[in-house]
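Undergrad: This is the structure, below, for whatever I ask next.
The values are calculated or read from the model by the stated rules, or taken from the named source; none is laboratory data. Everything numeric in this text was worked out from a predicted model, so none of it was measured. With ideal geometry, Cβ positions are generated from the backbone for all residues, glycine too; neighbour counts draw on all protein chains shown.
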Amino acid sequence: MNRERFNRRKKTRPIFLGDVQIGGNAPVIVQSMTCTDTRDVKTTVAQIKKLEEVGCEVVRVAVPDREAALALTEIKKQIAIPLVADIHFNYYLALLAIRMGVDGIRINPGNIRPEKIREIVKVAKPRDCVIRIGINAGSLEKDLFVKHGGPTAAALAESALRNVALLEDMGFTAIKLSLKSSDVPTMVEAYRAVSSQTDYPLHLGVTEAGSLLPAAIKSSIGIGILLYEGIGDTIRVSITGNPVSEIGVAYGILRAMNIRKIGPDIISCPTCGRCEIDLIKLTEEMERRLAGMKAYLKIALMGCVVNGPGEAAEADIGIAGGRGWGILFKKGQMIRKIKERDFVQVLLGEIEQLTGIRGQ
Ligand code: SF4
């Protein structure tokens, strides 16, 4: 692996969403978006609390109407992470959301006229409200669509830079950018293009990525390629379904790229004819029991003692199965023999000793 390339994270200018730094030397921040009706404060707050529990660091909520905007103050009061209001085309809702005290807004400039953006900036600036310029392939400005023959990567990048210039002209620099497309190569090329021309922090994501498996695949490829190249300051994995699952995938991507070490890194073998324990059940149960654990730990679940401990020598802790039993090992060293029916409890106990955290 070309380590030098990997380690060269692009330096961006820092901005602050509430007390969370994005860009600069901050870690890559994990975001999500609620799928509740924002007007329903109780349900929305409950979902945000669940997101917080599993490590979400910034949350966005849709603001489709005045009632949703008016709910923002109460939502913000009840949550611990920065709140971003997602505005589609109604600049009035952007103004209202900012006045309700959100930490940031996401606007799609293709849908809002420049003179209205000026009004948004006027209200956002004195309140330290961040503006995410959210360029989306589906709502590109018409002239750029015509010029580039569609929502190409170059068109998305030009749109982003045009809107950066617009905000800068108004003296506004608390900006982050996203250039989302459901087409992974377009998304990658758009972020690359814009990253080479600006140092504003970038919010990475593949939009409309589908349900859990396709979304995890598309996001891992799109976000992963860019992170590998040092591009990206905050990420969102968009999944059709409960957003809580977005966070696990997001941290999985960051762990796989050695960018942030958070949560259990479960290494399990694919099993083969040598496997004599129910490894699939064990793996699924451990994933479920450790979901949301923030401490980083490499846990190996291997099907046989012949290859298991050697193949997972770098794991903090692991089990290699025999017939109805297994060997507990730590950092490649065999510790003791345990019965298969005790695997989960023994592992949870050992993990608690190592991290101070008991799985569910
Ligand atoms: Fe097969 Fe053992 Fe390798 Fe698992 S660890 S795939 S059971 S050889």
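Undergrad: Answer with yes or no whether residue 329 is of a type in the set (Phe, Trp, Tyr) and assigned to a helix (DSSP H, G or I).
TA: no
Undergrad: For residue 251, are the conditions met, namely being within 10 Å of the chain's Cα centre (by Cα) and crowded, with 20+ Cβ neighbours inside 10 Å?
TA: Taking the combined requirement at face value, the residue satisfies it.
Undergrad: Kindly indicate the residue of segment 187-221 that is of a type in the set (S, T, N, Q) and under 19 Å from residue 132 (Cβ atoms) and also surrounded by the most Cβ atoms within 10 Å (Cβ to Cβ) among those meeting that condition.
TA: The initial filter retains those residues of segment 187-221 that are of a type in the set (S, T, N, Q), namely 195-198, 207, 211, 219-220.
Within this subset, residues satisfying the condition of being under 19 Å from residue 132 (Cβ atoms) are 195, 197-198, 207, 219.
Working: 195: 21, 197: 12, 198: 18, 207: 19, 219: 27.
Here the answer is 219.
Undergrad: Quickly run through segment 165-202 and pick out the residues that are among the aliphatic types (A, V, I, L, M) and assigned to a strand (DSSP E or B).
TA: Answer for segment 165-202, where residues must be among the aliphatic types (A, V, I, L, M) and assigned to a strand (DSSP E or B): 175, 177, 179, 202.
Undergrad: Something else about it: Give me the residue from segment 270-283 that is more than 12 Å from residue 347 (Cβ to Cβ) and among the aliphatic types (A, V, I, L, M) and, out of that set, farthest from the ligand (Cβ to nearest atom).
TA: 280
Undergrad: Out of all the residues in segment 279-320, which are surrounded by fewer than 16 Cβ atoms within 10 Å (Cβ to Cβ), farther than 30 Å from residue 57 by Cβ and among the charged types (D, E, K, R)?
TA: Correct list: 281 only.
Undergrad: If the requirement is being of a type outside the set (Ser, Thr, Tyr), free of Cβ contacts under 8 Å to residues at least 24 places away in the same chain and touching a helix residue (DSSP H, G or I) at 6+ places or on another chain (Cβ under 6 Å), which of these qualifies: 140, 144?
TA: It is 144.
Undergrad: Could you list all residues from segment 270-300 that are in contact (Cβ under 8 Å) with a residue 12 or more places away in the chain and in a helix (DSSP H, G or I)?
TA: We begin by selecting, within segment 270-300, every residue in contact (Cβ under 8 Å) with a residue 12 or more places away in the chain; these are 271-272, 274-279, 282-283, 285-300.
Within segment 270-300, 279, 282, 283, 285, 286, 287, 288, 289, 290 meet the criteria.
Undergrad: Still on this model: Among the listed residues 235, 259, 231, 267, which satisfies the condition of being away from the ligand (no atom under 16 Å from the Cβ) and in a strand (DSSP E or B)?
TA: 235
Undergrad: Could I ask something else about it? Would segment 284-301 turn up any residue that is within 16 Å of the ligand (Cβ to nearest atom) and farther than 29 Å from residue 227 by Cβ?
TA: Looking for residues that are within 16 Å of the ligand (Cβ to nearest atom) and farther than 29 Å from residue 227 by Cβ, one finds none in segment 284-301, hence no.
Undergrad: Scan segment 316-353 residue by residue and report those that are modelled with pLDDT of 90 or more, within 23 Å of residue 296 (Cβ to Cβ) and out of contact with any helix residue (DSSP H, G or I) (no Cβ under 9 Å at 6 or more places or on another chain).
TA: Residues satisfying the conditions are 345, 346, 349, 350, 352, 353.
Undergrad: Something else about it: Hey, any hits in segment 332-348 for a residue that's more than 27 Å from residue 216 (Cβ to Cβ), under 30 Å from the mean Cα position of the chain (by Cα) and not small (Gly, Ala, Ser)?
TA: No, segment 332-348 has no match at all.
Undergrad: Now for a separate question. Considering (1) under 30 Å from residue 233 (Cα atoms); (2) more than 16 Å from the ligand (Cβ to nearest atom); (3) not in a strand (DSSP E or B), say which one residue 349 fails and leave the rest.
TA: Every listed condition holds for residue 349 apart from (1).
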